[in-house]
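For reference, the structure discussed in these notes is given below.
The values are calculated or read from the model by the stated rules, or taken from the named source; none is laboratory data. Worth saying up front: this structure is predicted, and the values here are computed from it rather than measured. Positions of Cβ are backbone-derived with ideal geometry, glycine not excepted, and every protein chain shown enters the neighbour counts. Accessible surface is based on the protein model in full, side chains and every heavy atom, while ligands, DNA and RNA are left aside. Shrake-Rupley method; radii C 1.70, N 1.55, O 1.52, S 1.80 Å.
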Amino acid sequence: IVIGAVINTWLGLAVFVVLTLIVLYVAFIRGRDEPPPRVASTLSHPDDECRILVIANETVAGDTLHEMIKRRSEGCRENVLVVAPSQPTPLQHLASDDNPARAEAQERLDASLAKLRDAGISARGEVGDADPVQSIEDALRTFGPDEVIISTHPEGRSHWLERGVVEAARERFAVPI
């Protein structure tokens with residue numbers, strides 16, 4: 001740019017515009033073509049242990065989910081983390097008052113954990129972020145699962161399926177969903 005401007009002011013301006021367009025292309029247009037990096041867990045655990053992360057909201061205490069957890073943990077020592085994302089109402093979100101939503105999620109979680117323990121499955125739980133995909137990422141960093149089970153209502157009743165939570169998780173995370 002400086003050399004072009006010394007030769008001719010208009011040449012310096014032209015070099016500046018061309019270089020600016022190249023930088024904008026590389027930064028914005030070309031950068032969009034690359035998929036986001038896939039997040040994987042780097043935590044290690046014993047070979048005979050199956051770590052299963054379960055993300056569930058209203059379906060957390062359902063028999064179908066518990067049967068799937070039993071099937072997925074057959075033949076190994078299971079270690080299950082159940083995360084129930086808090087689901088604040090829009091008004092609670094605006095008021096930054098997520099305590100009622102967290103308390104409701106904790107009640108659902110406690111009922112599910114009791115049912116899993118009664119079935120002989122070693123499980124623990126926590127209330128997660130309102131965004132289920134963020135809840136998965138948080139658990140990946142601290143738990144290191146071998147697979148993730150996302151439990152939702154059937155199509156037509158599931159807000160998570162409508163919002164594309166399962167697809168977003170599959171694109172973003174390198175563990176089986």
In this structure, is R124 part of a helix (DSSP H, G or I) and of a type in the set (D, E, K, R)? no
Looking at segment 151-170 only, could you name the residues that are within 16 Å of S86 (Cβ to Cβ) and either modelled with pLDDT under 85 or among the aliphatic types (A, V, I, L, M) (or both)? H159, V165
Scan segment 49-69 and give yes if some residue there is open to solvent by 90 Å² or more (accessible area, probe 1.4 Å) and either at pLDDT below 70 or farther than 28 Å from D131 by Cα (or both), otherwise no. no
Give just the number: which of (1) in a loop (DSSP other than H, G, I, E, B); (2) small (G, A, S); (3) open to solvent by 40 Å² or more (accessible area, probe 1.4 Å) does G144 not satisfy? (3)
Every listed condition ((1) over 25 Å from D48 (Cα atoms); (2) modelled with pLDDT of 80 or more; (3) more than 22 Å from the chain's Cα centre (by Cα)) holds for L94 save (2)
